[in-house]
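All remarks here apply to the structure that follows.
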Amino acid sequence: MDLTLQKNTSDKIIKNYENHTIYIDKSKYDFNIFVSKDFVIKWSISDINNIVIDDLSDIIKYNPEIILIGTGLQPILPKSEIINQLHNSNVGVEFMSTDAACKTFNVLLQEDRNVIAGLVV
């Protein structure tokens, strides 16, 4: 068994999340974002409690293996249509608090998985 650390080359590791701010590399974001190994973009979602598939249209085109949705301080349960539509497209999706989504994103990124996180601050 090989126990050698495989370092990911992305600079998009989430350093911290506190006080409604996400710290990635040397930048800080106090607004909702999508983050992947290649980009950080603003996410213009109006209400996470009423999330619809169109709220994810900007990232679905990148064909991620999994989408993590950080829902703020508390996890929410989305409408089953969102999960079904993504699963029918062979995209995994997980909803969790933003803190948990940041940690999970970093783990999956280190495993070189094709992951995108939508993070609500």
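Laboratory data are not the source of any read-out in this text; all were calculated from the coordinates shown. Predicted, not measured: the structure shown is a model, and the values here were computed from it. As a convention, Cβ positions derive from the backbone with ideal geometry for all residues, glycine included, and neighbour counts pool all protein chains shown.
Summary of computed values
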quantity: Which labelled figure in (i) 0.96; (ii) 1.39; (iii) 1.02 is Rg/Rh (Cα atoms, Kirkwood Rh), once derived from the coordinates; calculated: (i)
quantity: FRET E, pair residue 74, residue 39, Förster distance 30 Å, beta-carbon r, rounded to 0.05; calculated: 0.65
quantity: When each of 42/79; 12/79; 12/42; 26/79 is checked by Cα-Cα distance, pairs over 26 Å; calculated: 12/79; 26/79
quantity: Theoretical gain in end-to-end length, residue 63 to residue 114 [0.36 nm per residue, Cα-Cα removed]; calculated: 17.5 nm
quantity: DSSP beta bridges in segment 14-119 [antiparallel fraction, %, rounded to 5]; calculated: 55 percent
